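Peer 1: Pasting a structure below so you can have a look.
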Amino acid sequence: MIATGADYRRLNAEGREQFENMGVYYAATAMEGQLCRNETVVIAGSGNSAGQAAMFLSDGAAKVLLVIRGKSIANKMSDYLARRVQARENIEILYQTEIRKMFGGKKLEQIELENTQTGERRMVRTPAAFSMIGAKPCTEWLPSEIERDDKGFIKTGTSVAGAPAWQESKHQPGPLETSLPGIFAAGDVRSGSVKRCAAAVGEGGMAIAGVQIRLASSS
């Protein structure tokens, strides 16, 4: 079973460390959506993951501030998604802007933003800042037979059904099984995973069950 995770790029903001998972998040799921309901939330990033998070959170949040370092979201975000983000009324895109500081008690309460072009700074009250500036899966050591997506995350399930090893097998790959039968992936290293600790633990349990089924069928 492969559960080597991923290295997430961290926001270079003063005070960030004390708010990890207490206001600073790396995935926008239903859980974070509830925390952000009727609040102002901040998302750092300009790629598809940032755009998708902005659209998802805007359904319940009062306002979503999409903070990007560059001058456009068209460079890294798909055209269709970029148009949707720009059209959503409660999403505001802050170009050439970075998060500088984070404040709060036990949880995140405020952040300070800086416009890198003008030097102007502003304070924003928010319970959540989402870092969508990229992640690098720990998969460099794997052989080429383990198929990965364009970002290096391990493919599993139906997406590997056409792999040579599976074409020679009498079985179909399980939901967490890789392009090599009997090899499973779980957690953040897996393509399409939710990127949450609880989800990774659940996937780990499912993968172990899958290993046991494969061992039983081969004995």
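The values are calculated or read from the model by the stated rules, or taken from the named source; none is laboratory data. Fair warning: this is a prediction, and the values are worked out from it, not measured in the lab. Note: ideal-geometry Cβ built from the backbone for every residue, glycine included; neighbour counts use all protein chains shown. Each accessible area value is taken on the protein alone, full model and side chains, heavy atoms only, with ligands, DNA and RNA left out. Shrake-Rupley method; radii C 1.70, N 1.55, O 1.52, S 1.80 Å.
Peer 1: How many percent of Cα pairs in the chain exceed 24 Å? Don't skip to the answer; put the middle values down first.
Peer 2: Numbers: 11847 of 23871 pairs.
Beyond 24 Å sits 50 percent of the P(r) for the chain.
Peer 1: Give me the accessible area per residue for the stretch 135-219, probe 1.4 Å, as a whole number in Å². Mind dumping the intermediate values first?
Peer 2: Working: 4720 Å² over 85 residues.
Ligands and nucleic acids excluded, the result is 56 Å² per residue.
Peer 1: Give the residues of the stretch 123-138 whose amide nitrogen is closer than 16 Å to a point set 7 Å from the Cα of Ser159 in the direction of its Cβ.
Peer 2: The answer is 135-138.
Peer 1: Also: Using the Kirkwood radius over Cα pairs, work out the Stokes-Einstein diffusion coefficient for the stretch 148-211 at 25 °C and 0.890 mPa s, in µm²/s as a whole number.
Peer 2: Estimated diffusion coefficient is 209 µm²/s.
Peer 1: Just need the relative contact order of the chain here, percent rounded to a whole number, with Cα pairs under 8 Å and 6+ apart. If you can, show how the numbers build up before the last one.
Peer 2: Details: 446 pairs, mean separation 50.2, N = 219.
23 percent.
Peer 1: Hey, which of these cross-link pairs are over 29 Å Cα-Cα: Lys71/Lys101; Lys76/Lys106; Lys71/Lys155; Lys76/Lys155; Lys71/Lys107; Lys71/Lys151? Kindly include the intermediate steps, with their values, before the conclusion.
Peer 2: Numbers: Lys71/Lys101 22 Å; Lys76/Lys106 35 Å; Lys71/Lys155 33 Å; Lys76/Lys155 22 Å; Lys71/Lys107 31 Å; Lys71/Lys151 24 Å.
In this structure, Lys76/Lys106; Lys71/Lys155; Lys71/Lys107 lie more than 29 Å apart at Cα.
Peer 1: Work from the charge dipole of the chain (Cβ charges, +1 for Lys and Arg, -1 for Asp and Glu, about the Cα centre) and give the residue of Thr126, Gly210, Gly174 farthest towards its positive end.
Peer 2: Thr126
Peer 1: Whole number please: convex hull volume per residue, Cα atoms of the stretch 98-219, in Å³. Mind dumping the intermediate values first?
Peer 2: Details: hull volume 17.3 nm³, N = 122.
Spelled out: Cα convex hull of the stretch 98-219, divided by residues, is 142 Å³.
Peer 1: Kirkwood hydrodynamic radius of the stretch 1-69 from all distinct Cα pairs, in Å?
Peer 2: Details: mean 1/r = 0.0764 Å⁻¹.
Result for the stretch 1-69, one decimal place: 13.1 Å.
Peer 1: Take the stretch 78-153, compute every pairwise Cα distance, and split them into 10 Å bins from 0; I just need the percent in each bin.
Peer 2: Distribution as computed: 14, 29, 29, 21, 8, 0 percent.
Peer 1: Then there's this: How much length is gained if the chain between Met55 and Gln212 is pulled fully straight, taking 0.36 nm per residue apart and subtracting their Cα-Cα distance, in nm to one decimal?
Peer 2: Details: separation 157, 0.36 × 157 = 56.52 nm, distance 3.98 nm.
Gain on stretching Met55 to Gln212: 52.5 nm.
Peer 1: Here's something else I'd like to know. Round to the nearest 10 and give me the degree value, 0 to 90, for the angle of helix 197-218's Cα axis relative to the longest principal axis of the chain.
Peer 2: Tilt relative to the chain: about 10 degrees.
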